[in-house]
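The values are calculated or read from the model by the stated rules, or taken from the named source; none is laboratory data. Not measured: the values here are computed from a predicted model. Positions of Cβ are backbone-derived with ideal geometry, glycine not excepted, and every protein chain shown enters the neighbour counts. SASA here: full protein model, heavy atoms, side chains in, ligands and nucleic acids out. Shrake-Rupley method; radii C 1.70, N 1.55, O 1.52, S 1.80 Å.
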Amino acid sequence: MIVAFLPGFARSAQMLEHWTTLLPADVRFFDLPGHAEEPAARVLTLEGLADQYMDRIPQGALIVGESLGGLISLAMAPRGYHAVAFDPPLSTAKQWVIHQNVPPLVARNPSAKWLPGFAAAFLGVMPNGGVEERNYWPVLDALTSPAHVIAASEPLWPRRSTQAAPSVIDDIDAYNLERHPQVTFRRITGQHTLLSDSVEEACAVLLEILEGLPA
């Protein structure tokens, strides 16, 4: 079984390379478009991002995505992949952490010409400083086979000063995910970057998922 990891926005595949030896699988890593050596996105939609990996990841692989990478994994599921999404931001309207942290990141990287458009398209953080909602719940309705969504336990609300990155999935999201016919939902202990910060629990989940997949 091939297991392909996709990191979140502003993170690199290198941060996930500890997974190389943790799973009984052919583990591969891919950066998001525009990140590290990965070419910038040609089409600024989830489907456009998914297209960039189709010729490099064989169908039938397990796509394990974190945050925005998790949304891409869900977008790839109807195309013949197994999807696991760790803490994907299914709606950006209430994501105060994104609204707070992305504008300074864009400002610190003026040479990344792709970054303002990417942040606007996928996170709703506009170049003029405004914020628009990006709703990704329809990607779940397009699922043709079961997918897994794993949320972090650090609560999103109330808004506060915290060093721990909160989960982008709140209690209302969790309620809806638990009732979605094509989603297996669970929470594990930790903050948003579960693949780096809650490796033991995340590994147990992935091993269980791998055991349930056809050989």
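In table form, for the structure just shown:
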{"quantity": "Residues of region 22-48 satisfying the condition of being within 17 Å of residue 196 (Cβ to Cβ) and either touching a Lys or Arg at 6+ places or on another chain (Cβ under 7 Å) or at pLDDT 95 or above (or both)", "calculated": "22, 23, 27, 29, 30, 31, 32"}
{"quantity": "Residues of region 71-105 satisfying the condition of being β-branched (Val, Ile, Thr) and not in a strand (DSSP E or B)", "calculated": "72, 92, 97, 98, 102"}
{"quantity": "Evaluation of residue 172 against (1) outside any loop (DSSP other than H, G, I, E, B); (2) under 16 Å from residue 95 (Cβ atoms); (3) within 17 Å of the chain's Cα centre (by Cα) (one fails), failing number", "calculated": "(3)"}
{"quantity": "Residue pairs meeting the criteria (Cβ under 7 Å; at least 6 apart or on separate chains; first open to solvent by 50 Å² or more (accessible area, probe 1.4 Å), in region 3-16; second of a type outside the set (Phe, Trp, Tyr) and part of a loop (DSSP other than H, G, I, E, B))", "calculated": "15/7"}
{"quantity": "Among the candidates 34, 8, residue that is at positive phi and in a loop (DSSP other than H, G, I, E, B)", "calculated": "34"}
{"quantity": "Sole residue being touching a strand residue (DSSP E or B) at 6+ places or on another chain (Cβ under 8 Å), open to solvent by 20 Å² or more (accessible area, probe 1.4 Å) and either in contact (Cβ under 8 Å) with a residue 24 or more places away in the chain or assigned to a loop (DSSP other than H, G, I, E, B) (or both), chosen from 148, 180", "calculated": "148"}
{"quantity": "Criterion violated by residue 128 - all others in (1) at pLDDT below 95; (2) part of a loop (DSSP other than H, G, I, E, B); (3) buried (at least 20 other Cβ atoms within 10 Å of the Cβ) satisfied", "calculated": "(3)"}
